[in-house]
Amino acid sequence: MPLKDETLLVSLGRDPDNNYGCVNTAIYRASTISHQSMDILENGDPSRPVRYGRYGTPTVRALEEAVAKLEGGSRAVAVSSGKAAVASALMTFCEQGDHILVADSVYGPTRSFASGYLTRMGISVTYFDPCMGERVETLFQKNTRLIFAESPGSLTFEVMDIPAMARVAHRNGALMMMDNTWGTPLYFKSFKHGVDVSIHAGTKYIVGHSDVMLGLVVTTPALEERVVSGIHDFGASLSPDDAFLALRGLRTMDVRLERHEKNMLTVARWLRDRPEVAEVMCPALPEDPHYALWRRDFTGSSGLFGIRLHTDNRDAVAAMIDDLHHFGMGYSWGGYESLVVPQYPDRSRTAVPYTKPGYVLRFHIGLEHPDDLIDDLSAGLDRLNQVISRT
Ligand SMILES: *Cc1c(COP(=O)(O)O)cnc(C)c1O
C-alpha cells in the first residue's frame, strides 16, 4: 500500500539515523562540496546527490525530494521564488520561433514575463479562455510548444479542465505546464491529470508562515534531465535556511489547509448572503459554475477566493478595507493570517475581456476564528454602506 499523504508529509525529506538522531534535516550551508575521489568528483556519487552548493545542499535536496514525492512527480528543483520557477520553466522549454498558449487568467507577473521577455526573445504568445477546455485545440499552430495553465485562475478563479487540455497538448506534440500554487501538491495531483511540468510558489502554503520566498518546478521521469539542467542554468538557487523553513512548513501543511478551507467556506458563505456582494468566486461552493470540475479533480480547497461587490465606489471600498483589524492588506497569501486586496481583472484580460461592474476583492482566509473575521467584515460593510449613502 502506498503511504497516505499525511504520513508522507511527516516522513519525507528527513533521515534521523544519518543526522545524529536529530528529527529534522540540518541546515547545511555550503558552496564547496568536497568529493572523495577524482572519479566521484567527475561522475558523481549516487549515494550522495550533492555536487556544489548552487545545485542544492542536503537541506535543499530534502525539500525537493519531499515535494516531488508528495505531488507524484519524479524530481523537483527548488529556486528562489515562485516567479523564478515560472520564468525558468518557460525558458527551459521555449525556443525562438515557438508559439505558446497561456491562460488568460494566469498570475499577473507570469503574463508580463510571457508578453515581455518571451515575446522579445521571439516566442509568440496566445492567451486563451480558461474555460475552453478541449477547444483550446483550435488555437494550436504548427509551432505550438506548450500550454501554460493555472487552475483556478488568478483573480477570477476559473477551474480549467486540465486533463482535457493535457490530452490536446500531447496529441499535438506539446507539453502541459501548470502553475499549481493554489491546489498545492496535496490538493491537486498534477501528474495524475496529465501535467508534464508543475510549478509552485512555495512562498504560499508550503512555507505557510509569510516569511520565505520559494519556488519549485516538479516534473516526470521523461523530462527530469531537461528540467534539472534547464532550471540550474539560471543559477537562482534556494538558500538552505529557506529550505529548512519550507520543510518545517510542509510538516503541518495538511492540518493548516484543512482549517484554511473550513474557515474560508464559512466566510465565503456569509459574504454570499450579503446584499452588498454581487458574486462570490469560490470553486468549492456548490453554486459556483466551476464546482463540478473542482470536485472532480481537486481533493480540497485552499483559503483564497474572490468576491465582486455591487459598488464601483472607490472611497466606499477604501473605507471598508482600510480599517479591517484582522485582514492585512498586502500581496502574496498562504500564510496563517487573513488578507484582502482589491483586484482589477479588466486591466489584464485580452482573450475574454472582463467587463463586469463592481469592485473585485481577493481574500485569503487565515487561521483566525471565522466569527472574528465575520464581525470585522460586517463592520467593514457598514462603513462601505455609510460612504455610499452619503454620495
Ligand atoms: C505568488 C504566486 C506566484 C509567484 O510566487 P513568488 O514566490 O511571489 O515569486 C506564482 N504563481 C502564483 C499563482 C502565485 O500566486
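Brief remarks follow.
- Met91 being more than 16 Å from the ligand (Cβ to nearest atom) and of a type in the set (A, V, I, L, M): no
- A Cβ distance below 8 Å, combined with a sequence gap of six or more or placement on separate chains, defines the contacts here; from region 96-108, residues that are among the β-branched types (Val, Ile, Thr) reach residues that are assigned to a loop (DSSP other than H, G, I, E, B) and within 16 Å of the ligand (Cβ to nearest atom) in the pairs Val106/Gly153; Val106/Ser154.
- Complete set of residues in region 24-68 that are surrounded by fewer than 16 Cβ atoms within 10 Å (Cβ to Cβ) and in contact with a Pro (Cβ under 7 Å, 6 or more places away or on another chain): Arg29
- The residues of region 111-126 that are part of a strand (DSSP E or B) and aliphatic (A, V, I, L, M) amount to a single one, Val125.
- Considering region 187-233, and only residues there that are of a type in the set (D, E, K, R) and farther than 22 Å from Thr299 by Cα, the residue that is farthest from the ligand (Cβ to nearest atom) turns out to be Glu225.
- Qualifying residues in region 78-88 (those that are within 11 Å of the ligand (Cβ to nearest atom) and assigned to a helix (DSSP H, G or I)) - the one surrounded by the most Cβ atoms within 10 Å (Cβ to Cβ): Ala85
- Qualifying residue in region 134-154 (condition: modelled with pLDDT of 95 or more, assigned to a loop (DSSP other than H, G, I, E, B), acidic (Asp, Glu) and within 16 Å of the ligand (Cβ to nearest atom)): no
- Meets criteria (within 24 Å of Leu293 (Cα to Cα), buried (at least 23 other Cβ atoms within 10 Å of the Cβ) and of a type in the set (Gly, Ala, Ser)) for Gly73: yes
- For the residues Phe157, Phe191, Phe234, the requirement of being touching a residue at least 60 places away in the same chain (Cβ under 8 Å), over 26 Å from Pro283 (Cα atoms) and not in a strand (DSSP E or B) singles out Phe234.
To keep it simple, each residue is scored yes or no on (1) assigned to a loop (DSSP other than H, G, I, E, B); (2) at positive phi; (3) of a type in the set (Val, Ile, Thr); (4) buried (at least 18 other Cβ atoms within 10 Å of the Cβ).
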{"residue": "Leu285", "(1), (2), (3), (4)": "yes, no, no, yes"}
{"residue": "Ala318", "(1), (2), (3), (4)": "no, no, no, no"}
{"residue": "Leu339", "(1), (2), (3), (4)": "no, no, no, yes"}
{"residue": "Pro353", "(1), (2), (3), (4)": "yes, no, no, no"}
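- Of everything in region 345-365 that is touching a residue at least 60 places away in the same chain (Cβ under 8 Å) and aromatic (Phe, Trp, Tyr), the residue that is farthest from the ligand (Cβ to nearest atom) is Tyr354.
- Annotation note: Cβ proximity below 6 Å between a residue of region 204-225 that is under 16 Å from Thr184 (Cβ atoms) and in contact (Cβ under 8 Å) with a residue 60 or more places away in the chain and a residue that is of a type in the set (D, E, K, R) and away from the ligand (no atom under 16 Å from the Cβ) (sequence gap 6+ or interchain) occurs for Gly208/Arg256.
The values are calculated or read from the model by the stated rules, or taken from the named source; none is laboratory data. Treat the numbers as computed from the prediction; the structure is a model and nothing was measured. All Cβ positions, even for glycine, are placed from backbone atoms using ideal geometry, and neighbour counts span all protein chains on display.
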